[in-house]
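Input: a single structure, listed below in structure tokens.
The values are calculated or read from the model by the stated rules, or taken from the named source; none is laboratory data. None of the values given here were measured: they were computed from a predicted structure. So basically every Cβ, Gly included, is an ideal-geometry build from the backbone, and we count neighbours across all protein chains shown.
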Amino acid sequence: MEGKTVPRTPHPWPKRGGLIDHLGRSNRLKELRMKAMLNQKQLSELAGVSPWTISKIEHGQRLPQIGVDYLLARTLGVSIEDIFSPRV
């Protein structure tokens, strides 16, 4: 097996747009975070989640775990629906 390369598995979602966009949902987390004048690190500290989590959600590469969406909405003073609303 030495010297042989293993083929890469394709990404399960598109590179641009991400999983959330692929599902037809709009992710407004970055817009709301910037409106609150917070950077990713500040929001992550206030919400009690990692900056990595904020980044992945904003880029549509990850859906928030149960409860994380609530923490983000509460921290930003908005509803969960305001962050993850159907695209119009």
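General remarks:
- Check on residue 60, loosely packed, with under 13 Cβ neighbours inside 10 Å, over 12 Å from residue 32 (Cβ atoms), at pLDDT below 95 and not basic (Lys, Arg): no
For every residue, the table says whether it meets (1) out of contact with any strand residue (DSSP E or B) (no Cβ under 7 Å at 6 or more places or on another chain); (2) more than 12 Å from residue 29 (Cα to Cα); (3) small (Gly, Ala, Ser).
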position	(1), (2), (3)
39	yes, no, no
45	yes, yes, no
53	yes, no, no
60	no, no, yes
73	yes, no, yes
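- Qualifying positions in region 27-54 - out of contact with any Asp or Glu (no Cβ under 9 Å at 6 or more places or on another chain), surrounded by 15 or more Cβ atoms within 10 Å (Cβ to Cβ) and modelled with pLDDT under 95: 53, 54
- Note on region 56-87: residues that are touching a residue at least 12 places away in the same chain (Cβ under 8 Å), not in a helix (DSSP H, G or I) and not small (Gly, Ala, Ser) total 8.
- Each residue in region 45-88 was checked for being small (Gly, Ala, Ser) and under 12 Å from the mean Cα position of the chain (by Cα), and 3 pass.
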